[in-house]
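**Q** Just dropping this structure here.
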Amino acid sequence: TKTNPVNKNQSKPVVISTWIHGMEANKTAWERLKVGDNALNAVEAGVRVTESDPKNRSVGIGGNPDAAGEVTLDACIMNHKSECGAVAYLKNIENPISVARKVMEETPHVLLVGQGALSFAIEQGFEKKDLLTEEAKADWIKWKESENQKKPEINHENHDTISMLAIDKEGNLSGACTTSGWAYKLPGRVGDSPIIGSGLFVDNEVGAACATGIGEAVIRISGSSTIVELMRQGKSPQEACKEAVNRILKKHKDHEGLQVGFLAINKKGEVGAYSSYYGFNYAY
Ligand code: SD4
């Protein structure tokens with residue numbers, strides 16, 4: 001869209017998130033925001049809803065596994081003070097976003113991965129769980145037996161990370177991003193979603209942005225921080241998202257299956273979104 005109709009009556013607080021599952025997640029975030037809770041608590045509570053939904057096949061429990069049949073999760077969170085935390089290649093924990101928040105609040109680090117992230121989560125009291133549901137396992141077995149087994153599955157419909165941005169009553173911004181990543185990815189692969197600046201970026205002076213889609217493409221232009229910088233230079237959230245998508249398209253010869261989508265919000269609570277494929281939607 002050229003002009004975003006939701007901006008006409010923009011006011012604070014506001015919460016936006018990627019895809020249709022964002023409706024349920026936003027509801028929970030909104031419960032917090034409307035009573036004056038801060039944006040950080042809102043985005044964490046919001047995306048936890050999607051992580052804990054076993055029917056969602058690309059986030060948290062029930063997420064699609066990697067090529068070896070293991071569910072490995074990536075997530076990050078960032079607040080209005082530019083504090084951030086992230087986990088990558090995390091197994092057996094239903095709500096990686098809350099582990100990411102603990103990394104931010106309880107350690108001097110930003111990103112913990114793999115076994116270290118899991119040990120940290122357990123130390124922090126998170127419960128170990130089997131994340132591979134029967135449905136996800138059955139589909140993985142089908143994929144393994146299929147002819148295109150060798151290449152990871154590219155399909156713009158199977159990318160549905162939840163990324164969420166919020167501005168609270170005080171005008172402070174926060175964001176969260178969480179995913180099981182690219183279905184049947186190579187074991188060890190990490191995408192954009194836990195990478196601060198790629199899957200998510202917040203600068204409380206300017207705005208915030210987040211991504212969904214093929215992480216490799218988002219990382220190549222440092223997607224979310226690029227959008228925030230474009231807004232700093234005066235672009236609207238919508239214009240900034242569009243420029244980021246166009247930059248990605250320019251850098252790839254083959255656009256087949258190249259789904260990337262961005263959301264952005266500025267300090268006024270104006271929002272924007274843009275994607276390389278039709279059919280991208282978000283919840284406001
Ligand atoms: C990734 N960006 O791991 C994630 C996948 C995704 O919607 O966004 N799915 O590359």
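**Q** Under the 0.36 nm per residue contour assumption, what length would be gained going from the current alpha-carbon distance of ILE20 and LYS144 to full extension?
**A** Computed gain between ILE20 and LYS144 is 41.8 nm.
**Q** Bin by bin, in steps of 5 Å, what percent of the Cα pairs in segment 197-257 do you find, going until the bin that has the longest distance?
**A** With a bin width of 5 Å, the distribution comes to 4, 21, 32, 23, 12, 5, 2, 0.
**Q** Enumerate the aspartates and glutamates that LYS34 could reach by cross-link, defined here as Cα to Cα under 12 Å, with residues fewer than 8 away along the same chain left out.
**A** Straight-distance partners of LYS34: ASP168, GLU170.
**Q** Return the lysines within reach of LYS250: Cα separation strictly under 26 angstrom, same-chain partners fewer than 8 residues apart disregarded; answer none if there are no such residues.
**A** Answer for LYS250, where 26 Å is the Cα cut-off: LYS2, LYS151, LYS185, LYS235, LYS242, listed by chain and number.
**Q** Just for the chain, what percent of DSSP beta bridges are antiparallel, to the closest 5?
**A** Bridges in the chain that DSSP calls antiparallel: roughly 90 percent.
**Q** If you take every residue apart from ARG32 with its C-beta less than 12 Å away from the C-beta of ARG32, what net charge results, scoring Lys and Arg +1 and Asp and Glu -1?
**A** Overall, the nearby charge balance is 0.
**Q** Taking a 20 Å limit on the Cα-Cα distance, which of the listed pairs LYS91/LYS129; LYS144/LYS253; LYS27/LYS267; LYS81/LYS102 fall beyond it?
**A** Table pairs above 20 Å Cα-Cα are LYS144/LYS253; LYS27/LYS267.
**Q** About the Cα centre, and with charges only on the beta carbon of Lys, Arg (+1) and Asp, Glu (-1), how big is the dipole of the chain? Nearest 20 debye, please.
**A** In debye, rounded to 20, the chain gives about 740.
**Q** So between GLU105 and LYS169, what do we pick up on full extension, going 0.36 nm a residue minus the alpha carbon distance? Display every interim value, and only then the final one.
**A** Details: separation 64, 0.36 × 64 = 23.04 nm, distance 2.25 nm.
Once the chain is fully extended between GLU105 and LYS169, it gains 20.8 nm.
**Q** When the helix-only estimate is applied to the chain (DSSP H runs of n ≥ 4, each -39,500 (n - 2.57), divided by the residue count), what is the mean residue ellipticity at 222 nm, nearest 500 deg cm²/dmol?
**A** Dividing the helical sum by the residues of the chain leaves -9500 deg cm²/dmol.
**Q** Another question, then. Over all alpha-carbon pairs in the chain, figure out the percentage whose distance exceeds 27 Å.
**A** 32
Values in this text are rule-based calculations from the coordinates and carry no lab data. Source: prediction; values computed, not measured. With ideal geometry, Cβ positions are generated from the backbone for all residues, glycine too; neighbour counts draw on all protein chains shown.
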